[in-house]
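Quick notes on the structure that follows.
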Amino acid sequence: MGKLLVLYSSRNGQTTKIIDAMRDEFTGYEVEMADLHTLPKKNLSKYDKVLIGASVRYGHFHDSLYTFVHTHSEQLEVADSAFFCVCLTARKPEKAEPKNNAYIKQFLAKSPWRPRTTGVFAGALKYSEYNWWQTLIIRLIMKITGGSTDSSRDLEFTDWDKVKDFARQFVRQR
Ligand SMILES: Cc1cc2nc3c(=O)[nH]c(=O)nc-3n(C[C@H](O)[C@H](O)[C@H](O)COP(=O)(O)O)c2cc1C
């Protein structure tokens, strides 16, 4: 059985929910998960595949993502690897293409590691978990980008079929 390592950076749990949905497709692999926010160092050589997923907040990924890819760039380079981003702008189909997504571009500009595959998934808006100023900022972003500013209920934009396709392709790629 192959070994697959999944590393994640998530603030409100949508990235981990996406990984949970992918797990059904990871048949034939022993899956290990680790939180990038608390993971200091990891020996990647024992894994056949490494997947990293991270969400965007205020236009940026968490610093721990960059710390990890910088300190593990050589091992990541030889691993069969993939990276995916979770953000709000990806609720628009054209922004959900990695080549058109500003956060993927930002990541590739700052990262010494070139993942073999990249993906972009739309996240969720969990107004019930946000404080008043986070709600205000999110409503502002939604207004600027032409979305709904109704914050009376939580919203999920993730395309689960796309998530599963990405996971299937990743385990198939050699
Ligand atoms: C405070 C806050 C700031 C955010 N900033 C951005 C942003 O700048 N751009 C964007 O596309 N999405 C932004 N989002 C949307 C998140 O990426 C989305 O909610 C995602 O589902 C979060 O995933 P997570 O729960 O794994 O952290 C923001 C969300 C919050 C709560």
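Per-structure values
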{"item": "Any hit, region 36-50, residues being more than 16 Å from Leu76 (Cβ to Cβ), in contact with a Ser or Thr (Cβ under 9 Å, 6 or more places away or on another chain) and hydroxyl-bearing (Ser, Thr, Tyr)", "result": "yes"}
{"item": "Pair list, Cβ under 6 Å, 6 or more apart: region 19-44 residue closer than 27 Å to Trp160 by Cβ, other residue loosely packed, with under 14 Cβ neighbours inside 10 Å", "result": "Ala21/Trp160; Tyr29/Gly2; Glu30/Met1; Glu30/Lys3"}
{"item": "Single residue of region 49-64 satisfying the filter (within 16 Å of the ligand (Cβ to nearest atom) and in contact with a Lys or Arg (Cβ under 9 Å, 6 or more places away or on another chain)) that is nearest to Gly28 (Cα to Cα)", "result": "Ser55"}
{"item": "Selected residue (only one of Thr15, Thr38 is outside the structural domain of Met142 (by TED's automatic domain parsing), within 12 Å of the chain's Cα centre (by Cα) and within 16 Å of the ligand (Cβ to nearest atom))", "result": "Thr15"}
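The values are calculated or read from the model by the stated rules, or taken from the named source; none is laboratory data. Everything numeric in this text was worked out from a predicted model, so none of it was measured. Cβ coordinates were reconstructed from backbone atoms using ideal geometry, including for glycine residues, and neighbour counts include every protein chain displayed.
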